[in-house]
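Since the structure comes first, as structure tokens, the remarks are kept for the end.
Every read-out reported here was derived from the displayed coordinates using simple, explicitly stated rules and does not represent laboratory data. Keep in mind that what you see is a predicted model, and the values were worked out from it rather than measured. Because the Cβ atoms are built from the backbone with ideal geometry, glycine has one as well, and the counts that use them run over all protein chains shown.
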Amino acid sequence: MGRHQHQGALVGKTKPGLATAPVFLVKHGAVMTHDQTDQDRFSPGEPLVAATRGGLIESIHYGHWAVVDPAGRLVDSGGDPSCPTYLRSCAKPLQALAVIETGAAQGFGFTEAELAAMCGSLNGQDFQVAVVREILRKIGLDESYLKCGSQRPSHRPTAAELRRLGPPMESVYNNCVAKHAGMLALCQHLGHPTENYDSSDHPVQRLILTIIAETCAVPSKQIGIGVDGCGVPVFRLPLKNLARAYGGLADPGRSGWGEPRQAAARRLVKACLAHPEMIAGDERLCTDLMRAAPGRLLAKVGGEGSYAVAWPERGLGMALKVTDGAMRALGPAIVGGLRRLGALSDDEVQALASHARPPIKNHRGRIVGELGPLL
């Protein structure tokens, strides 16, 4: 799939004439070039996606990717597979493991759809809001306990209808709301306070950090911690380690995880594959990708151009980061990358054409260019 091939590499070479960019460091607001290779390194990476106009390249999005098996073997990569990356919402399936491992899922009787929703970045569609409210009902709490903040639904028709009806935007429309409901479920099940569940020193967040460290094979003290858009801790670690965690989700039996976590991963992935509508929603890349390859791929978007995929058929995890954070580059990069890996057939790629090669339109609605993969 890229320039850096490893033993067992699955794909070929980078497009000729598009060289790897130099390493840049960001230090105290200053950007400088340097050959230093510490944790602050941030390389632009390799060409992922080109925007064309009139058949000519207008701009290029660079980035990094890694394909890793459950044992941590780097199968293929491009750019810097060790690029420090905030996991953002790619962490949700790993965070949701705690709900099953602790027995909260069993105790509250969560359905597959409810577990899948905890892994999703939801559209705010009516059927998703209903699932979130059912989770809250089961754990004996209401929406006032949510600390994710209010958000306009990502689903444009739903957002337009809410504007027409006039009710205020509420927390249940936040795309991270089911993750927060899962964290509240952990509080209720384990007997922890709900008031500050979003704090990094809360027992639930410490538990989640431990799971992230173990599944990604990075010591917790080496994981960077920030605050995500929804207010809870977000984790920064090498991109290849996120891919390794998704390799574990793809094939828990080869992950080296204990049997309880393997069982939790199997149950969680099964739920997600059965309910792709809960991973994102209508007209979203994650859901469309999982529907195009039914039962074969678990796809999860993260903020600032991050993405991760578990491929159970091959027991592989893939993680990708668009360096400039451009979300528009994810569709072409992910569909193109999965096609090169052999995870998608030509027919499946065709079904994903609106994501694989989205058109660029002018203000009159005329198509004047497109985005396309360079992998």
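Summary of computed values
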{"quantity": "Search result, residues across the range 259-272 that are over 19 Å from the mean Cα position of the chain (by Cα) and either assigned to a loop (DSSP other than H, G, I, E, B) or charged (D, E, K, R) (or both)", "calculated": "GLU259, ARG261"}
{"quantity": "Pair list, Cβ under 6 Å, 6 or more apart: the range 52-71 residue touching a residue at least 40 places away in the same chain (Cβ under 8 Å) and among the β-branched types (Val, Ile, Thr), other residue surrounded by 13 or more Cβ atoms within 10 Å (Cβ to Cβ) and outside any strand (DSSP E or B)", "calculated": "VAL68/LYS240; VAL68/ALA243; VAL68/ARG244; VAL68/GLY247"}
{"quantity": "Selected residue (only one of GLY182, GLY247 is farther than 30 Å from ARG137 by Cα and in a helix (DSSP H, G or I))", "calculated": "GLY247"}
{"quantity": "Pick from the range 191-202, criterion within 15 Å of ALA98 (Cβ to Cβ) and in contact with a helix residue (DSSP H, G or I) (Cβ under 7 Å, 6 or more places away or on another chain), ranking: surrounded by the fewest Cβ atoms within 10 Å (Cβ to Cβ)", "calculated": "HIS192"}
{"quantity": "Enumeration of residues in the range 265-292 that are among the small types (Gly, Ala, Ser) and crowded, with 23+ Cβ neighbours inside 10 Å", "calculated": "ALA265, ALA271, ALA280, GLY281"}
{"quantity": "SER154 vs. criteria of a type in the set (Ser, Thr, Tyr), buried (at least 22 other Cβ atoms within 10 Å of the Cβ), closer than 27 Å to VAL227 by Cα and under 23 Å from the mean Cα position of the chain (by Cα)", "calculated": "no"}
{"quantity": "Checking GLY256 against (1) part of a loop (DSSP other than H, G, I, E, B); (2) in contact with a helix residue (DSSP H, G or I) (Cβ under 6 Å, 6 or more places away or on another chain), the condition it does not meet", "calculated": "(2)"}
{"quantity": "Whichever residue in the range 67-115 is among the polar types (S, T, N, Q) and touching a Pro at 6+ places or on another chain (Cβ under 9 Å) and, among such residues, is surrounded by the fewest Cβ atoms within 10 Å (Cβ to Cβ)", "calculated": "SER82"}
{"quantity": "Complete set of residues in the range 210-265 that are under 25 Å from ASP198 (Cβ atoms), in contact with a strand residue (DSSP E or B) (Cβ under 8 Å, 6 or more places away or on another chain) and of a type in the set (D, E, K, R)", "calculated": "ASP228, ARG236"}
{"quantity": "Residues within the range 215-242 that are surrounded by fewer than 19 Cβ atoms within 10 Å (Cβ to Cβ) and in a helix (DSSP H, G or I), tallied", "calculated": "3"}
{"quantity": "Residue within the range 141-149 that is farther than 27 Å from GLY224 by Cα and either in a loop (DSSP other than H, G, I, E, B) or among the β-branched types (Val, Ile, Thr) (or both) present", "calculated": "yes"}
